[in-house]
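Right, one structure below, let's go through it.
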Amino acid sequence: MAKTKSVFICRECGAESPKWVGKCFACGEWNSFAEEVKFTGKTVNKSAGLLVSRVESKPMLLSEISTDKIERIDTRSVEFNRVLGGGIVPGSVVLIGGEPGIGKSTLMLQFALRVGSLKTLYVSGEESEEQIKLRATRISGKGLSCYIYCETRLEKILEQCVAQTPDLIVVDSIQTIYSDTFESAPGSVTQVRECATALLRFAKENGKPVFLIGHINKEGHLAGPKVLEHIVDTVLHFEGDGHHSYRMLRALKNRFGPGNEIALFDMQNSGLREITNPSEILLSQGDEPYSGTAVGAAMEGLRPLFIEVQSLVSPTSYGVLQRSSSGYDSKRLNMIIAVLEKRGGHKLAGKDIFVNIAGGLKVNDPAMDLPVMAGMISSVYDRPLPSKSCFCGEISLTGEIRAVQKIDQRLAEAEKLGFTKFFLSKYNKITTQKNSKISPVYVTTVDELLAKLMH
Ligand code: TYD
Ligand code: MG
């Protein structure tokens, strides 16, 4: 008879230990071990290894391998195509993570319904057929070639993948799928890892793309072992702020395209609408300049993105100092405040500071340091920044403004959007500056920035 045994498995790397340990001996992560029940003796059902028949393969000369056959599948969405690096590669496995309610199921259903004449199989372990139908009606998708299958058993899903021969498979979500071979609960490290591996094998052997939706944990990482991120070809993160309708799909890893590419969507009553011209939407339309507002010339992936940063510096009314930032890294904000105090000679100790990136988006580009600082300076003096100006530059601990990448692209976009002043580091070399209507303003240090903005 099969006996049960408890083991502890690291959520990050999948290492096993008979006892709970605080720090993983394999990957060094703290507090990552979770208990799982393991059956020893005979496995319940041998069928999991099924359907994943081994296709014979032999070593080939690199020069003999042809890529002509690889034709990317067009998703019928310019934005989605771009994050994937130009469409879906057949046989690839894409993992989409995001917070609950952000719109992962909506995104994938919409995409499954609109991908054209391709036959899609949408496997849902979270919702019933009726719920999915209601959602499909909402996003007005007819779904003439989209099959909905509500099932959580891996063996059955693989069976249908073979029987229905879909061109594309979506699994919502990988944490709800389980295999009979493993006795641990759905969502456990073993189940997630093994189910994803079986689906990956299916994808590779049959040349069918598979999309996996994944939950994220409270730290914002994809729930399940880190190995999951290693085995899939592409990891996309769907993010946004619950109070805004803008959603950002970000490629964290992509074996078939540039990493860190983003796509923007707007969640409306009838599903997600893609935003092909983000800068015009993210910038406020009013001509009246306000103090504390600065425009940053960020670069997300290969595309320049002009975003408004709002800063508010005001005296603390209560004993507890508030430093809050939304959409911008709070550690970086603290660093910028410290630099402004030390190098710019401003006393900010008794001040509350709030920084907000418009639209509820998150930006990672270090070039946003300069607009954040410019916004704070403008708020401290309560004076608006020069009209039609934008900023980009990284700030170092020494108070120096450092050069950023792809300056020509940012400048070209700034000119297109009608800006006339472009604040940047003196160390940035502009190569395309002929007959331009925009004038660059070079700054080397924080003092110089202060002087140029406020005197
Ligand atoms: P959902 O796709 O269920 O999120 P997830 O799968 O990531 O948990 O999205 C749910 C949210 O999206 C819900 O708050 C309602 C909203 N929504 C719209 O605003 N418009 C729509 O057309 C749809 C289908 C959902
Ligand atoms: Mg969902």
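Between ASP266 and THR137, what is the FRET efficiency for a Förster distance of 22 Å, r being their Cβ-Cβ separation, to the nearest 0.05?
Details: r = 20 Å, r/R0 = 0.90.
After rounding, the FRET efficiency stands at 0.65.
If one computes the Cα centroid of segment 405-455 and of segment 361-389, what distance in Å separates the two points?
Taking the Cα centre of each part, segment 405-455 and segment 361-389 sit 14 Å apart.
In which sequence would MET373, MET108, MET267, MET454 go, from the one with the fewest C-beta neighbours within 10 Å to the one with the most?
Numbers: MET373 27, MET108 23, MET267 17, MET454 12.
With the sparsest Cβ surroundings first, the list reads MET454, MET267, MET108, MET373.
Count the DSSP beta bridges whose two residues both fall in segment 72-276, then state the antiparallel fraction as a percent rounded to the nearest 5. List each step's numbers first, then the result.
On the way: 18 of 44 bridges.
So the antiparallel bridges in segment 72-276 amount to around 40 percent.
May I ask what percent, to the nearest 5, of DSSP beta bridges between residues of segment 280-453 are antiparallel?
Working: 18 of 31 bridges.
Approximately 60 percent, going by the DSSP bridge assignments.
Would you mind calculating the gained length between LYS119 and ASN334 on full extension (0.36 nm times residue separation, minus the Cα-Cα distance), in nm to one decimal? The partial results should precede the final answer.
On the way: separation 215, 0.36 × 215 = 77.40 nm, distance 5.09 nm.
The span from LYS119 to ASN334 would gain 72.3 nm if fully extended.
Subtracting the Cα-Cα distance from 0.36 nm times the residue separation, let me have the gained length for GLU127 to ALA185 in nm, one decimal.
On the way: separation 58, 0.36 × 58 = 20.88 nm, distance 1.88 nm.
Using 0.36 nm per residue and subtracting the Cα-Cα distance, I get 19.0 nm.
In what order do ASP382, ASP172 fall by count of nearby beta-carbon atoms within 10 Å, going from fewest to most? Could the numbers behind the result be given before it?
Working: ASP382 10, ASP172 25.
Fewest-to-most Cβ neighbours within 10 Å comes out as ASP382, ASP172.
If Lys and Arg each add +1 and Asp and Glu each add -1, what is the summed charge of the other residues whose beta carbon sits under 14 Å from the beta carbon of PHE238? Write down the numbers at each step before the final one.
Working: positive: LYS104, ARG247, ARG250, LYS362; negative: GLU79, GLU99, ASP172, GLU239, ASP241, GLU261, ASP266, GLU274.
Charge balance in the 14 Å sphere: -4.
Length gain on complete extension for the stretch GLU16 to VAL320, per 0.36 nm per residue less the alpha carbon to alpha carbon distance? Before the final figure, lay out the partial values.
Values: separation 304, 0.36 × 304 = 109.44 nm, distance 4.46 nm.
Extra length available between GLU16 and VAL320 comes to 105.0 nm.
As an exercise, use a Förster radius of 56 Å and the Cβ-Cβ distance of HIS455 and ASN31 to find the FRET efficiency, rounded to the nearest 0.05. Please report the intermediate quantities before stating the final value.
Values: r = 52 Å, r/R0 = 0.92.
Rounded to the nearest 0.05, the efficiency is 0.60.
Taking amide H atoms as placed 1.01 Å from N in the peptide plane, list the residues 5 or more away in sequence, or in a different chain, whose amide H sits under 5 Å from that of TYR328.
ILE357
What distance in nm separates the two pseudo spin-label positions at LEU144 and LYS429, each 7 Å out from Cα along the beta-carbon direction?
Simple spin-label model gives 5.7 nm for this pair.
Could you tell me the center-to-center distance, by alpha carbons, between segment 235-294 and segment 94-146 in angstrom?
The distance from the Cα centre of segment 235-294 to that of segment 94-146 comes to 21 Å.
Using Cβ counts within 10 Å as a stand-in for footprinting exposure, how do PHE391, PHE202 rank, fewest first? Don't jump to the answer; show the numbers that get you there.
Working: PHE391 30, PHE202 22.
Fewest-to-most ranking of PHE391, PHE202: PHE202, PHE391.
I need the shape label for segment 72-276. Rule: rounded when a/c is under 1.5, else prolate if a/b > b/c, else oblate, with a, b, c from the alpha carbon gyration tensor.
Numbers: a/c = 1.31, a/b = 1.19, b/c = 1.10.
Rounded, since a/c falls under 1.5.
For segment 325-455, just run the numbers: alpha carbon Rg, then divide by 2.2 N^0.38 Å, N being how many residues it has. Walk me through the intermediate numbers first.
Numbers: Rg = 14.3 Å, N = 131, 2.2 N^0.38 = 14.0 Å.
In units of the 2.2 N^0.38 Å rule of thumb, it is 1.02.
Could you tell me which of the pairs LYS19/LYS104; LYS23/LYS156; LYS104/LYS204 are separated by over 26 angstrom between their Cα atoms in the structure shown?
Working: LYS19/LYS104 36 Å; LYS23/LYS156 37 Å; LYS104/LYS204 24 Å.
Table pairs above 26 Å Cα-Cα are LYS19/LYS104; LYS23/LYS156.
Could you tell me the convex hull volume per residue, in Å³, taken over the Cα atoms of the chain? All intermediate terms of the calculation are to be shown ahead of the outcome.
Details: hull volume 92.3 nm³, N = 455.
Enclosed volume per residue, from the Cα hull, is 203 Å³.
Roughly how tilted is helix 154-164, in degrees to the nearest 10 and between 0 and 90, from the longest Cα axis of the chain?
Between helix and principal axis, roughly 90 degrees.
Taking the Cβ-Cβ separation of VAL162 and LEU252 as r and a Förster radius of 25 Å, what is the calculated FRET efficiency to the nearest 0.05?
On the way: r = 31 Å, r/R0 = 1.24.
The pair VAL162/LEU252 has a calculated efficiency of 0.20.
Give the percent of DSSP beta bridges with both residues in the chain that are antiparallel, rounded to the nearest 5.
Antiparallel bridges: around 55 percent, rounded to the nearest 5.
Given H placed on each backbone N at 1.01 Å, which residues far from ASP180 in sequence or on other chains put an amide H within less than 5 Å of it?
Close amide H contacts, sequence-distant or interchain: LEU154, GLU155.
For the pair LEU312 and THR67, how long in nm is the line joining their label points, each one 7 Å along Cα→Cβ?
5.1 nm
Once phi is turned into ³J(HN,Hα) by the Karplus curve 6.51 cos²θ - 1.76 cosθ + 1.60 with θ = phi - 60°, what whole-Hz value does each residue of segment 291-305 show in order, with x for glycine and proline?
6, x, 9, 9, 9, x, 9, 8, 10, 10, x, 9, 10, x, 9
Bear in mind these aren't lab numbers, they're just calculated from the coordinates by the rules spelled out. Computed from a prediction, not measured in an experiment: that's the story for all the values here. With ideal geometry, Cβ positions are generated from the backbone for all residues, glycine too; neighbour counts draw on all protein chains shown.
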